[in-house]
Amino acid sequence: MCGIAGIISRNPNQISTQRLQQMTDALAHRGPDGEGFWINASNNVGFGHRRLAIIDLSDAGKQPMHYLNRYSITYNGELYNYIELRETLQQKGYSFRTQTDTEVLLAAYDCWKEQCLQQFDGMFAFAIWDEQEQNLFAARDRFGEKPFYYSFDGEQFVFASEMKALWAAGITRSVDHSMLLNYIALGWVKNPADLSQTFYQNISNLPQAHYLQLSLQNGTNEIVQYFDLDKETTLSISEADAAEQLLHLLNTSVKRRLRSDVEVGTSLSGGLDSSSIVAMINQLQTRNHKLQTFTASFPGFEKDETAYAKQVADKFQLQQHFVTPTADTLSNDIENLIFQQEEPFQSSSIYAQYKVYELAKQNNIKVILDGQGADETLAGYHKYIHWFLQEKSRESSVVNRELKAFTDHHISVDWSWKNKLAARFPEFTAVQLENKANKAVLNHKFISNHYRKEHFNKKSIYKPAVSKLNDLLYYNTMLVGLEELLRYADRNSMAHGVEVRLPFLSHELVQFIFSLPSHYKINNGFTKNILRQCIKEHLPAAIVYRTDKVGYEPPQQQWMQSPAFAELLNQSRQKLVKENILRKSILQQPVNAQPAHAVNNDDWRYFCAAHLL
């Protein structure tokens, strides 16, 4: 795990070690174990790298790395199947001088070119320069675990792991106000109609599951999608066999993600996902030492999960560490949290994660496993229930049975004739949801008319037509939803020089989940049903059959009522009024303290938006 940076230009005056140094200095938190620079003989390509040493801790793992006197790479991430790939490549005649996955990646590119991406099980963002072809090849992993930002003006192509490195290289910081408008009004942090768009006009995001090729000779760049999920094909498989196969795939994923030359720990919320990972680690561990786990605790808060986390820790005799984020610690950390994230976020819920990763760092853990990705693929959130029921709407007995089961589990489901109508006319429903979002922007009572008129972009408002559960799961996994959470996790972990690995995002595991019938995901009043079935023999029943989905939710409503936040919010409102983004009337409004996942989380958005300017 590292920080990468680079410049490609036909103007040699734009490339220097000093400029690359400025970029990597901005990324020093991502790689505290070393730095490296390389500029080619023609002075038209320069790479920089900050290293977090995880695999092959020797100097042989330094980057930028070179291969066959032709290829040079700067790389951020891990190929979890690098051992298997190295054996395959050795059979093809390749030899290796290091034990790194970086060298395996280079050999794989030489062997298969862009098709090498199909071979990788991992998280990655990298750039390879081919000196012979004068061509740059850059790629990002399938689900967007690792970031890749770039700016290209036709003459110079500048890229990095984080935007702050681009700003350090002299790229202008210019806010994209159409993105900011949608964030303030809707809470959107992505444009579903253009996944490359960021909150800055001249900085693009290489979308997940895409690669980029830049030819220096003709100055053209091409962006290609190399992976997509199949959401249409459904396997014919029994639930018992599906649970067994899911357990095998999860076990394999966890086993590969434990590969490390430094100690690995894990987060533990007390929920099903992180607890399942702990259970798998417990089966795989052969060393006689206690696994270190890290938990955010909120004493007295109704959604605190500490008791559940302790159950799991006690069962597996874990070495458990706790951190208790508060309104005061948030006030102390908020500026750095916003600085690290670079773009706005929807609520303070990511702060709990930030503190958990900080706790891991304080206990000398460089690698931590986490449960992200399961909710978006296995339909873990309660919002997926009505989409599932709409898919089953023609099977009234199924709908009635499930509605009763959810009621028995104290889960409130909003189900009416409107849902039945939506099930019959999904395209019409999508249009209605788009219209609703448009109206939310146009009718927001505190956004100034001038700002709205100047920056409203109807083309950025998009909702998918959903005829089955998999449609929405696909949208949240491959378009909008998951990638946002992965951005939060990457910045929160790398802010502390910690690598986060996500076993639920093995692409083989995800594709298998998408191939299962929807009633394997939601059944008998349970979300993530198939995961519960496969893990029920390994965890306490109180964990397996929990139905109160939380996910590290902090007491944000309480925090926002603190005098310190009120003062920070007032300053933010004044700044937005001064910029003619909000009307003056907002200054007379009391703090609208809301829970972290509330729809009308307006004051948190004002707070974040002001820091963007």
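Residues of segment 346-369 being in a loop (DSSP other than H, G, I, E, B) and either outside the structural domain of Asp261 (by TED's automatic domain parsing) or surrounded by fewer than 24 Cβ atoms within 10 Å (Cβ to Cβ) (or both), which ones? Walk me through how you get there before you give the answer.
Just the residues of segment 346-369 that are in a loop (DSSP other than H, G, I, E, B), to begin with: 346-348, 363-366.
Passing the criteria: Gln346, Ser347, Asn363, Asn364, Ile365, Lys366.
Give me a count of the residues in segment 577-596 that are at pLDDT below 95 and of a type in the set (Gly, Ala, Ser).
So the answer is 2.
Pick from segment 196-217 the residues that are assigned to a strand (DSSP E or B) and of a type in the set (Phe, Trp, Tyr): which of them is surrounded by the most Cβ atoms within 10 Å (Cβ to Cβ)?
Residues of segment 196-217 assigned to a strand (DSSP E or B): 197, 200, 204-205, 210-215.
Still in the list and also of a type in the set (Phe, Trp, Tyr): 200, 211.
Details: Tyr200: 23, Tyr211: 20.
Among those that are assigned to a strand (DSSP E or B) and of a type in the set (Phe, Trp, Tyr), it is Tyr200.
Run Asn570 past the list (1) surrounded by fewer than 22 Cβ atoms within 10 Å (Cβ to Cβ); (2) under 29 Å from Val264 (Cα atoms) and report the number of the one that doesn't hold.
Condition (2) is where Asn570 drops out.
So is Gln320 touching a Gly at 6+ places or on another chain (Cβ under 9 Å) and surrounded by fewer than 22 Cβ atoms within 10 Å (Cβ to Cβ) or not? Quick ask: steps written out before the conclusion?
Values: touching a Gly at 6+ places or on another chain (Cβ under 9 Å): no; surrounded by fewer than 22 Cβ atoms within 10 Å (Cβ to Cβ): yes.
So Gln320 does not fit the description; no.
Which residue out of Lys164, Lys113 is charged (D, E, K, R) and on the phi > 0 side of the Ramachandran plot?
Exactly one residue qualifies, and that residue is Lys113.
Of all residues in segment 484-517, count the ones that are over 11 Å from Thr377 (Cα atoms), crowded, with 24+ Cβ neighbours inside 10 Å and out of contact with any Asp or Glu (no Cβ under 9 Å at 6 or more places or on another chain).
The total comes to 0.
Taking segment 30-63, which residues are surrounded by fewer than 18 Cβ atoms within 10 Å (Cβ to Cβ) and within 21 Å of Val262 (Cα to Cα)? Write out each step before concluding.
Step one: filter segment 30-63 for residues surrounded by fewer than 18 Cβ atoms within 10 Å (Cβ to Cβ), giving 32-34, 40-43, 56-60.
Result: Pro32, Asp33, Gly34, Asp56, Leu57, Ser58, Asp59, Ala60.
I'd like the full set of residues that are more than 21 Å from Ser196 (Cβ to Cβ) and either crowded, with 24+ Cβ neighbours inside 10 Å or of a type outside the set (D, E, K, R) (or both), limited to segment 118-145.
From segment 118-145, those more than 21 Å from Ser196 (Cβ to Cβ) are 118-122, 129-134; that's our starting set.
Within segment 118-145, Gln118, Gln119, Phe120, Gly122, Trp129, Gln132, Gln134 meet the criteria.
Among the listed residues Thr74, Thr24, Thr98, identify the single one that is assigned to a helix (DSSP H, G or I), modelled with pLDDT of 95 or more and either over 24 Å from Arg142 (Cβ atoms) or assigned by TED's automatic domain parsing to the domain that holds Thr220 (or both).
Details: Thr74 fails: assigned to a helix (DSSP H, G or I); Thr98 fails: assigned to a helix (DSSP H, G or I).
Thr24 is the lone residue from the list that is assigned to a helix (DSSP H, G or I), modelled with pLDDT of 95 or more and either over 24 Å from Arg142 (Cβ atoms) or assigned by TED's automatic domain parsing to the domain that holds Thr220 (or both).
The values are calculated or read from the model by the stated rules, or taken from the named source; none is laboratory data. Quantities reported herein were computed from a predicted structural model and do not represent experimental measurements. Reconstructed Cβ throughout: ideal geometry from the backbone, glycine too, with neighbour counts over all protein chains shown.
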